[in-house]
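Some notes on the structure that comes next.
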Amino acid sequence: APAAARAAPPAPPAATAAAVPLAASAAGPDLSSSGVTLELQPPPAAFGSFSPAEAHALRLYRRRLPECNVDLPPDVPCSPAHPGLSPQRKRRGADFLHLLVHGQGARTAVARLEGKESIVGALTLIPHAAASFCEVQLLAVASSHAGRGIGAALLGAAEAWLAEQLGVRTVVVLAGHDTVGFWRRRGYAEAA
């Protein structure tokens, strides 16, 4: 899959550890009249302990991104952020998407209809503030709400938060060939 990157303006670093509402960015669509709210979840507490929003996001990813949910050999570490599936994690029901949502430093932003517990969109990212860099791991929107700008709004709000709160200047994503157009429309460029 091609990688894409886009530079964002620098901002002074600051950190947050609580769930925060995300404001729609000027670059994203205006969802104010649609009843959709955006919120950044706090970092995962411990492996396997999901907040209700993270659990909903994981279910959405499993439905909308089944090709991303691969089984990993338990003895093959993936990276320091995604250490693979140990037999203990396999027994807990962990899988690759679970590892992405609970990767070291991972944060998940969600879109939900006002007054509803379930979510209609999710974006999981791993910021590396010291390097002014962020990896977008996953982005999905419920099929019932696809094409309404929710994915673009989540991305724009997350990019604004990253720049304003962490000073992130570069965001990268590994995109499937079927989503390259979405990323190009948002200013991302393919990289080798």
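The values are calculated or read from the model by the stated rules, or taken from the named source; none is laboratory data. Quick caveat, the model's predicted, so the values are computed rather than measured. Because the Cβ atoms are built from the backbone with ideal geometry, glycine has one as well, and the counts that use them run over all protein chains shown. Keep in mind that these areas ignore ligands, DNA and RNA; they rest on the heavy atoms of the full protein, side chains included. Shrake-Rupley method; radii C 1.70, N 1.55, O 1.52, S 1.80 Å.
Pairs needed: first member in segment 144-157, at positive phi and in contact (Cβ under 8 Å) with a residue 24 or more places away in the chain; second member anywhere, in a helix (DSSP H, G or I) and not β-branched (Val, Ile, Thr); C-beta distance under 9 Å; at least 6 residues apart or different chains.
Gly149/Ser34
For residues in segment 146-175 being of a type in the set (Gly, Ala, Ser) and in contact with a Gly (Cβ under 8 Å, 6 or more places away or on another chain), which is nearest to Val120 (Cα to Cα)? Write out each step before concluding.
The first filter runs over segment 146-175 and keeps only residues of a type in the set (Gly, Ala, Ser), leaving 146-147, 149, 151-153, 156-158, 160, 163, 167, 175.
Adding the requirement that they be in contact with a Gly (Cβ under 8 Å, 6 or more places away or on another chain) leaves 149, 151-153, 156-157.
Working: Gly149: 11, Gly151: 9, Ala152: 13, Ala153: 12, Gly156: 16, Ala157: 15 Å.
It comes out as Gly151.
Search segment 128-141 for residues that are touching a residue at least 24 places away in the same chain (Cβ under 8 Å) and pair each with any residue that is β-branched (Val, Ile, Thr) and outside any strand (DSSP E or B) when their beta-carbon atoms are under 6 Å apart and the residues are at least 6 apart or on different chains.
These pairs meet every condition: Ser132/Val168; Cys134/Val168; Val141/Ile150.
Any residue at all in segment 99-115 that's aliphatic (A, V, I, L, M) and surrounded by fewer than 18 Cβ atoms within 10 Å (Cβ to Cβ)?
Our first condition is that a residue be aliphatic (A, V, I, L, M); within segment 99-115, this holds for 99-101, 106, 109-111, 113.
Checking which are surrounded by fewer than 18 Cβ atoms within 10 Å (Cβ to Cβ) leaves us with 113.
Checked segment 99-115: at least one residue is aliphatic (A, V, I, L, M) and surrounded by fewer than 18 Cβ atoms within 10 Å (Cβ to Cβ).
So which residues in segment 166-181 are closer than 14 Å to Ala131 by Cα, outside any loop (DSSP other than H, G, I, E, B) and open to solvent by 10 Å² or more (accessible area, probe 1.4 Å), if there are any at all? Please lay out each step first, then the result.
Step one: list which residues in segment 166-181 are closer than 14 Å to Ala131 by Cα, which gives 166-172.
Still in the running and outside any loop (DSSP other than H, G, I, E, B): 166, 170-172.
Of everything in segment 166-181, those that are closer than 14 Å to Ala131 by Cα, outside any loop (DSSP other than H, G, I, E, B) and open to solvent by 10 Å² or more (accessible area, probe 1.4 Å) turn out to be Leu166, Thr170, Val172.
Report those strands (runs of 3 or more DSSP E) wholly inside segment 69-158 carrying at least 1 residues which are modelled with pLDDT under 90.
Details: elements: 107-113, 119-128, 133-141.
The qualifying strands (runs of 3 or more DSSP E) are 107-113.
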